Amino acid sequence: MDMDSSSWLTALHSSGTKRDRALARLHVMLLRVATREAHRRGPAARIGGPELDDLAQQAADDAMVSLLGKLDTFRGESRFTTWAYRFVVLEVSSKLGRHFWRRPSVFSDAEDWERLPARFAVDPLAQAQQRELITAVRRAVDETLTDHQRRLFVAIVVNGVPLDAMVSRSGSNRGAIYKTVFDARRKIRSFLTANGYLEGEPAAAQPTDQQVKVKRS
């Protein structure tokens, strides 16, 4: 175990003033991470200002309680600070996801297919071409995707539901959702390329947050 991690554990397992100082340092660290993470993800969840700052504060508080409850499980396989960051990132993600679903007015079951040309990063098209592309994508979704892929693709790519919100509702994790949407996009792009709607097939790549994250214009 590295010296910094060992120092954290010693201080947090101590008593009196030494532990109080360690707890204060820990909370400042968690709040800093929570604030940064909340402001990075907040716009996608349509939350900002004081409400977002309050969410970050709650995430830091809850992450600290959870971390201290699991302190004895830390085995030094990573740095203590890296281990601690995971608690607060998960709390921010969870709270942003729940926040989205508490406001039913921001989401509709209606599928917003008209935004698809921009989301597939194709050049602006004439209105007739856009309609043709959208029809082709809908056909690709119906013919090439599994039910699970379709549900996530429509929610995230078509309707713009934030990933954190889908994680909260589905009970899955970000990595699994990234992979599902990435595979769905690849199937659809292959269909569009094979049928002459797009040129070329992009080189294979691993799914990333940016490839599946949707930003409303």
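The values are calculated or read from the model by the stated rules, or taken from the named source; none is laboratory data. Values in this document were obtained by computation on a predicted structure and should not be read as measured data. Note that we place each Cβ from the backbone using ideal geometry, even for glycine, and neighbour counts take in every protein chain shown. Keep in mind that these areas ignore ligands, DNA and RNA; they rest on the heavy atoms of the full protein, side chains included. Shrake-Rupley method; radii C 1.70, N 1.55, O 1.52, S 1.80 Å.
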Largest first, please: the extent of the C-alpha atoms of the stretch 1-77 along each principal axis, to the nearest Å. 41, 28, 19
In nm, to one decimal, how far is the modelled label at E51 from the one at T73, with both set 7 Å along Cα→Cβ? 3.2 nm
Cα-projected label distance for D61 with R40, points at 7 Å along beta-carbon direction, nm: 2.4 nm
More than 17 angstrom separation, counting every C-alpha pair in the stretch 34-80; what % is that? 46 percent
Highest first, please rank the peptides 6-18, 50-62, 180-192, 140-152 by the mean number of other Cβ atoms sitting within 10 Å of their residues. 180-192, 50-62, 140-152, 6-18
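On a 1.4 Å probe surface of the protein chains, which of Y178, Y85 comes out largest in accessible area, and what is the full order? Could the numbers behind the result be given before it?
Values: Y178 40, Y85 80 Å².
Solvent-accessible surface, decreasing: Y85, Y178.
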